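Trainee: Pasting a structure here, questions to come.
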Amino acid sequence: MIVILTLTAVAVLVVSALVVGAVQDRRRRQALAHLGGPDAVIGSRALAEADAARSTIEGSARTAHPGVSGASGTSPGA
């Protein structure tokens, strides 16, 4: 009998957690509905700017520290 009650209690807890999650998700969607969907142009522009910044930093680092990349066959600090 205890096993049945325990399983029933666990099932009720799981179902109630799912219901609470669904209600919160619906409220969140309603609260954020006025914002609209994501803009693909903004995302691609941000990725391009991040890639350009990374390339600039990498170029500056290679200029400031020539021969450290290991591509020349020498060990750093030699």
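Just so it is clear, none of the values below were taken in a lab; they were calculated from the coordinates. This structure is a prediction, so every number in the text was calculated from the model and none was measured. We place every Cβ from the backbone using ideal geometry, glycine too, and count neighbours over all the protein chains shown.
Trainee: Let me spell out the model: positive unit charges on the Cβ of Lys and Arg, negative unit charges on the Cβ of Asp and Glu, origin at the Cα centre of segment 1-49. What dipole size does that give, in debye rounded to 20?
Mentor: Approximately 160 debye in magnitude.
Trainee: Just to be sure I understand the model, the point goes 7 Å from the Cα along the line to the Cβ. What's the resulting GLU49 to VAL10 distance in nm?
Mentor: The modelled label-to-label distance comes out at 5.1 nm.
Trainee: Find the eigenvalues of the gyration tensor of the Cα atoms of segment 1-68, then list the square roots of 5 times those eigenvalues as equivalent ellipsoid semi-axes, largest first, in whole angstrom.
Mentor: Equivalent ellipsoid of segment 1-68: 53, 23, 6 Å, largest first.
Trainee: Let me ask something else about it. Hey, rough spin-label estimate for THR63 and ALA22, points 7 angstrom out along Cα→Cβ, what's it come to in nanometres?
Mentor: Those two pseudo-labels are separated by 6.0 nm.
Trainee: How far is it, in nm, from the label point at ALA33 to the one at ILE2 when both lie 7 Å from their Cα along the line to the Cβ?
Mentor: About 5.0 nm, to one decimal.
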